[in-house]
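Some notes on the structure that comes next.
The values are calculated or read from the model by the stated rules, or taken from the named source; none is laboratory data. Small disclaimer: the values here were computed from a predicted structure and weren't measured. A quick note on method: Cβ atoms are made from the backbone with ideal geometry, for glycine too, and the neighbour counts reach across all protein chains shown. Side chains included, ligands, DNA and RNA excluded: accessible areas come from the protein's heavy atoms. Shrake-Rupley method; radii C 1.70, N 1.55, O 1.52, S 1.80 Å.
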Amino acid sequence: MAHHKSALKRIKQNERKYERNKHIRSTLRTFIKRVREAAAGKDISAAKEALAAAIPVIDAAATKGIIHRNNASRNVSRLTRLVGTLG
């Protein structure tokens, strides 16, 4: 266990950041999953709505540093292409 006041503070900060990042990452995965499930069900309108909802979440995660900006770009690109192939 840490003994210095600054080390104790750093532990608390890390825990808060970890919880925040975990929540955002989990939400991100849920939105991506919704797009993929709608595409797998061949539901074009639901897939487009899910994609429109997922893109801002992906961009926000990249902005906050949860995922790399290239990872976000790759996810958006692949999901857009997936929805585009439906018709």
Please indicate, with yes or no, whether at least one residue in the stretch 28-38 is open to solvent by less than 70 Å² (accessible area, probe 1.4 Å) and not in a helix (DSSP H, G or I). no
Search the stretch 39-49 for residues being part of a helix (DSSP H, G or I) and touching a residue at least 40 places away in the same chain (Cβ under 8 Å), and hand back the single one that is least open to solvent (accessible area, probe 1.4 Å). ALA39
Quick one: in the stretch 2-18, of everything that is open to solvent by less than 100 Å² (accessible area, probe 1.4 Å) and assigned to a helix (DSSP H, G or I), which residue is nearest to LEU79 (Cα to Cα)? ASN14
Restricting to the stretch 50-70, give me the number of residues that are open to solvent by 80 Å² or more (accessible area, probe 1.4 Å) and assigned to a helix (DSSP H, G or I). 3
Report, by residue number, each residue of the stretch 71-85 that is open to solvent by less than 50 Å² (accessible area, probe 1.4 Å) and of a type in the set (Gly, Ala, Ser). ALA72
